[in-house]
Amino acid sequence: MKYHIVVYGCQMNISDAERVSAILESINYKKTPEMNGADLVVVTMCSIRQSAVDRVHGLVEKFKTIKKSNPKFKAILTGCILKKDKNKFFKGFDYIVDIREIKKLPEILGVKKSQKIDNYLDIIPKYSSKFSAHVPIMTGCNNFCAYCVVPYAREREVSRSAEEIIAEIKNLIKKDYKEIWLLGQNVNSYKSKDINFPKLLKMVNDIPGDFWVRFTSSHPKDFNSEVIDALAIGGKISPYLNLPIQSGDDKVLKSMNRHYTVKEYKNKIKELRDKIPDICLSTDIIVGFPGETKKQFNNTAKLFRDVEYDMVYINKYSTRAGTAAAKLKDNISTAEKKEREKILTAILKETALEKNKKFLGTESVVLIDGKSKDNWIGKNEHYKTVQVKSAKNLLGKFVKVKITEALIWSLKGEVIK
Ligand code: 5AD
Ligand code: SF4
């Protein structure tokens, strides 16, 4: 039997899909890159934006055509699903399976009894990369930011035991993995027995081997001195942090239910940069949150200039039914949201280029993860994209590079022999 998997959304969904693959392959399903010809399609959906949900509606139409030529064809929906969408997708899919219940897939497919695993994160995944692995440490979210569906789609926080996490990583390092991403909706609230996130970071850092540790995502309210001190140890921990601020205005932050002020956020960044001067910093922003005035938006622009980010993921607000913000009027027009995004992007382009220029003439280690035309492409310790030329196959390798050119979104360099 052949299966095809469709993944939408974040690294967590990629990781979940790797667990789905492991279960299906344990019951002799073989992966196929094409949907046509598959006996089973599993969709790991994302609900963060309506556009991602709409893509699943599009797939349902395709399934109808496939079913005509293969009556045995089955489609399963899992991932981040909202209750209201479950009802809508009921007809389009043969089964809708809660991501925390995917161990039941064999039983659902009528093959054999399910595995006895309490926490689905403990399923050993079928990794999609041979050198970079996603290792979930917690899932779910207790924060209920006003705009966000995650707490409804993924339910409350559950942390994985530190023993399981360390065992999985040790196994990966034995297989020569070079990069470990610790994943969670809010890694800073990781807690298993007496082990919190900083302690876990130290435990991972202590595993012998030549590899990097990165993590996502962090919530500023839980990002404290203890985490900063753990990052400052350096070692295998990457000098890169994504700390989503979402808005540079206190009133907007309050209506977003974020539980910190701009000043508190900036103080944390100051402490971080004092202790780790070379840290590279990115953030997530939402423009056009309901009621965001021009003046409030300008506070976000000011924050951009003050903090000088290396990278920012700018999102235009989209209403998500069932969230607290859905009760507020989405009163900022699409054109205005685009304009605000444009203004922030222009500031980011300046700061990103300035930050990149600091790497000129320096040496970086780059983990090569792909190729584009003649260039090998990878990320350095600081999570900067670096391009190099080489006739050798560098995929999945750590390469020492001298940085020769700084562009806005990437660096160029030469491999050091
Ligand atoms: N509209 C726009 N952006 C959103 N995000 C989450 N929910 C929404 C929404 N309703 C963004 C946030 C978060 C990132 C993963 O997605 O910036 O950090
Ligand atoms: Fe969503 Fe906020 Fe939880 Fe992040 S912390 S997943 S933005 S509710």
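More than 26 angstrom separation, counting every C-alpha pair in segment 16-133; what % is that? Please report the intermediate quantities before stating the final value.
Working: 1325 of 6903 pairs.
Of all Cα-Cα pairs in segment 16-133, 19 percent lie more than 26 Å apart.
When each full DSSP H helix of the chain is screened for a Cα extent of at least 24 Å along its own axis and an average Kyte-Doolittle hydropathy of at least -1.0, the helices passing are 50-69. Sorting 247-253, 336-342 by their mean Cβ neighbour count within 10 Å, with the most densely packed peptide first, gives 247-253, 336-342. Considering only W212, I228, F289, the residue lying farthest towards the positive end of the dipole of segment 166-296 is F289, judged by Cα position with unit charges set on Cβ. Take every Cα pair under 8 Å whose residues are at least 6 apart in sequence, average their separation, divide by the length of segment 318-417, and the relative contact order is 24 percent.
Once you divide the Cα radius of gyration of segment 155-288 by 2.2 N^0.38 Å, the number left is 1.10.
Mean projected area of the convex hull spanned by the Cα atoms of the chain, taken over all viewing directions: 21.1 nm². Averaging sequence separations of C-alpha pairs under 8 Å and six or more residues apart, then dividing by the length of the chain, give the relative contact order as a whole percent. Taking the mean separation of contacting Cα pairs over the length of the chain, I get 10 percent.
Projecting the Cα atoms of M12, M45, G361 onto the charge dipole of the chain, computed from C-beta unit charges around the Cα centre, puts M45 farthest toward the positive end. Centre-to-centre, using Cα atoms only, segment 125-183 and segment 341-365 are separated by 29 Å. Packing-based ranking of 11-19, 129-137, 406-414 yields 11-19, 129-137, 406-414, ordered from highest to lowest mean Cβ neighbour count within 10 Å.
Only Lys, Arg, Asp and Glu count, each charged at its Cβ (+1, +1, -1, -1), so figure out the dipole size of segment 311-417 about its Cα centre, rounded to 20 debye.
Working: 23 positive and 12 negative charges, 37 e Å.
Charge dipole, segment 311-417, about its Cα centre: 180 debye, nearest 20.
For the chain, the 222 nm mean residue ellipticity estimated from helices alone, with every DSSP H stretch of n ≥ 4 adding -39500 (n - 2.57) and the total spread over all residues, rounds to -10000 deg cm²/dmol. All alpha carbon pair distances within segment 62-214 were sorted into 5 Å bins beginning at 0; the resulting P(r) in whole percents reads 2, 8, 15, 16, 16, 16, 12, 8, 5, 2, 1, 0. Pairs of Cα atoms nearer than 8 Å and 6+ residues apart set the relative contact order; for segment 210-358 it is 23 percent. Dividing the C-alpha radius of gyration of segment 303-417 by 2.2 N^0.38 Å, with N its residue count, gives 1.40.
Take 395-402, 307-314, 270-277 and order them by the average number of nearby Cβ atoms within 10 Å per residue, most first; the result is 307-314, 395-402, 270-277. Using θ = phi - 60° in the Karplus curve 6.51 cos²θ - 1.76 cosθ + 1.60, the 3J(HN,Hα) couplings for segment 321-330 round to 4, x, 7, 4, 5, 5, 7, 8, 6, 6 Hz; x is entered for Gly and Pro.
Among I27, I173, I76, the largest mean-square fluctuation in a Gaussian network model of the chain, built with springs joining Cα atoms closer than 10 Å, belongs to I27.
Nearest-5 percent of antiparallel DSSP beta bridges in the chain?
Details: 24 of 63 bridges.
Around 40 percent of the beta bridges assigned by DSSP in the chain are antiparallel ones.
Unpaired Cys in the chain, meaning no second Cys C-beta under 4.7 Å: C10, C46, C80, C141, C280.
Work out the P(r) tail for segment 201-268: percent of alpha carbon pairs separated by more than 13 Å, whole number.
Details: 1523 of 2278 pairs.
Roughly 67 percent, rounded to a whole number.
The numbers here are math on the coordinates, done by the rules we state, and not lab data. Values in this document were obtained by computation on a predicted structure and should not be read as measured data. FYI the Cβ positions are ideal-geometry reconstructions off the backbone, even for glycines, and counts take in every protein chain you see.
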